[in-house]
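To keep things clear, I will list the structure first and then write my remarks on it.
The values are calculated or read from the model by the stated rules, or taken from the named source; none is laboratory data. As the structure is a prediction and not an experimental result, all values here were calculated from the model. Neighbour counts are summed over all protein chains in view; Cβ atoms, including those assigned to glycine, are modelled from backbone coordinates with ideal geometry.
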Amino acid sequence: MMQRILASKNLTAFILACATGLILLFRCPFPADDLLLRLIALREPFIWEGIRYGYTLFLFTTPYILFSLVLSGLYVFALRPRKKVKAVALPEYSDPNQRDRLFITLGEVHDPRKPLPNDQPYWVNLPERGLFTGIAIFGALGSGKTSGCMYPYAEQLVAYRSRSPEHRIGGLVLEVKGDFCRKVRTILEAHDRANDYVEVNLNADYRYNPLYNDMDAYALAYNIASLLNNLFGKGKEPFWQQAYTNLVKFIIQLHKVAYDYVTLFDVYECAINPELLEKKIHEAEQLLQGRHYFAVSDALFRAHAELERFHFAADEAARCHKAVQSAALEEVLKARDIDYECQVETSPGLIDPLRLEILEGVKRWFYHDWRRIENKLRTSIVEGISVFLSLFDDNPMVKRTFCPPKECYDPNLNADGRYGRPLPPFAELVEAGKVCALNFPVALNPGLARAIGVMMKLDFQRALLTASRRSRPIRSSTSARCSSSATNTSTSLLPERTSRTEMRSSSLYRVNPSVSPSSPPKASVHCARLCRVKPGGPCFKLSGPRSSSLCRTNSRPRSRVNCAGRRTNGRSITTFPRAGTTPA
């Protein structure tokens, strides 16, 4: 009986307060005959009415507050349940491989007051719609963030329809410690997806050039300037950022016009060496005004079989073989001590007027803007950008991995893999369901790890957005099916004839390269966001060096996961499974 009364303490306090208020209303009525109150009633009748109604209201509200405090104290300190709650077996955990819809099992609901099993436990699932809002994971060091959240959540995403090549989830993993990448690889191998793992690190064969994409020069320069602001802070004077952004933009533009290729090392080399920059401008003029060849005599060509991979063409009239000029060919000719001749073919049809106009703009900037700046000021501008770009010069392994030569992307010149394996475009990786991982330990270089991770993430997101703009759903008789709930959430299924790019669910796991200076030193903060980029194609984005014991979602209704079983928003959820249950 007492347990039932205390369990409904709010209703009990209301009934007792009503009874007490009625008694007080008749025992202690409002003192209307008081002289002061009568004077107030004559001068300010509205104030008098407010005092009278307030007096009557307090006769009921004051007892309610007192009874609530007493009953709450008894509920917290005096209530002792006589019988122990027997733990009921959890419902069967759904295998991610067998799920027909995408969701993540966060954990098990526990007792709202104590870290004890609930009498009716159940799994808390975060549906696909909830994954589009965001997940924030908090937890102190050693609280089980990785083992309790990140590993099981990653496994559920990777295992979703893993046996279907057209529906399996691909994505990007940005890791700075190394252990999470190894775990993701183990998870992929456990689900027969070992071939879907692609890792980029300083010792791997893959090469990644952050500037090798279809973005224009200003967009690339602005991204580099934004990275500098994040790494070193933004100054009060905007001149310096604008100046080195302009410098990087024109250097990138020059290389794209002349060579159709640029690396961060090329930008750094031209920024610190004005003579080299001017020399490349002259080379660009010569390249755009005609086609340059290296000519080798027939006898020398037949004597060196390694020249065949450069696609030499026979010139019977001149009794020689010639190939298009390239740095790799020139390197081979000089290394083998082969006599060659430079030839230029000029033709009005070979001149691209658009490229010439861009080159003229670069020349105007160099001769009428950059050269007119004082040397001290020009040196200050260069130092503002070289502090970051020099990271790709002082470490040969970083330069080799992230600044590969142009020949690396030529399947003929790089047939033997001497320049490394170029990382395929992210659009192809997503289409093939690959999971690309950047394993760059933060201990080597925190700033560089963060910069490379951000640039790779931007390339990945741009590939998804570009694919969503190109894709168009094909209407079919098996059209979309929508289901709605009280929270107005809906999930749409695509037609059967929809393209693979639209049907694929792409995931991005991002691990923060570093913890911001303002964050607590004893805790780790993680954020996750899933943004829809195409119908039916979710894109996951997990942030944080590790997972956590406390998970908060922005979906409705909001919930928190607490491995310790604490009370959060009226209920407690734990990611630690009990004995006899299948772990998530």
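Observations, loosely collected:
- For the range 412-429, the set of residues classified as surrounded by 15 or more Cβ atoms within 10 Å (Cβ to Cβ) and at positive phi consists of Gly420 only.
- Residues that are aliphatic (A, V, I, L, M) and in contact with a strand residue (DSSP E or B) (Cβ under 7 Å, 6 or more places away or on another chain) were ranked within the range 407-431; the one that is farthest from Glu306 (Cα to Cα) is Val430.
- Test: residue in the range 18-28 that is among the β-branched types (Val, Ile, Thr), over 10 Å from Leu59 (Cβ atoms) and part of a helix (DSSP H, G or I): no
- Evaluation of Ser380 against (1) surrounded by 13 or more Cβ atoms within 10 Å (Cβ to Cβ); (2) at pLDDT below 90; (3) of a type in the set (S, T, N, Q) (one fails), failing number: (2)
The rows are residues; the columns are (1) crowded, with 18+ Cβ neighbours inside 10 Å; (2) at pLDDT below 50.
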| position | (1), (2) |
| --- | --- |
| Glu431 | yes, no |
| Asn445 | no, no |
| Ala467 | yes, no |
| Thr478 | no, yes |
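- Single residue of Glu316, Glu357, Glu285 found to be closer than 27 Å to Pro404 by Cα and among the acidic types (Asp, Glu): Glu285
- Just one residue in the set Glu308, Glu275 is surrounded by fewer than 16 Cβ atoms within 10 Å (Cβ to Cβ) and modelled with pLDDT of 85 or more; that residue is Glu275.
- Screening Val382 against (1) closer than 30 Å to Pro165 by Cα; (2) assigned by TED's automatic domain parsing to the domain that holds Ile224; (3) not in a loop (DSSP other than H, G, I, E, B) leaves a single unmet condition, (1).
- Count of the range 321-339 residues which are crowded, with 16+ Cβ neighbours inside 10 Å and either of a type in the set (Ser, Thr, Tyr) or out of contact with any Leu (no Cβ under 9 Å at 6 or more places or on another chain) (or both): 2
- Of all residues in the range 188-211, those that are over 26 Å from Val267 (Cα atoms) have Cβ atoms under 6 Å from Cβ atoms of residues that are part of a loop (DSSP other than H, G, I, E, B) and of a type in the set (Gly, Ala, Ser), 6 or more apart or on another chain, in His191/Ser162; Arg193/Ser162; Asp196/Gly433.
- Verdict on Leu59 being touching a Gly at 6+ places or on another chain (Cβ under 8 Å) and modelled with pLDDT of 85 or more: yes
- Residue ranges of helices (runs of 4 or more DSSP H) in the range 255-333 with at least 2 members touching a helix residue (DSSP H, G or I) at 6+ places or on another chain (Cβ under 6 Å): 264-272, 274-289
- Residue in the range 271-279 that is closer than 27 Å to Asp352 by Cβ, touching a residue at least 12 places away in the same chain (Cβ under 8 Å), basic (Lys, Arg) and assigned by TED's automatic domain parsing to the domain that holds Asp394 present: no
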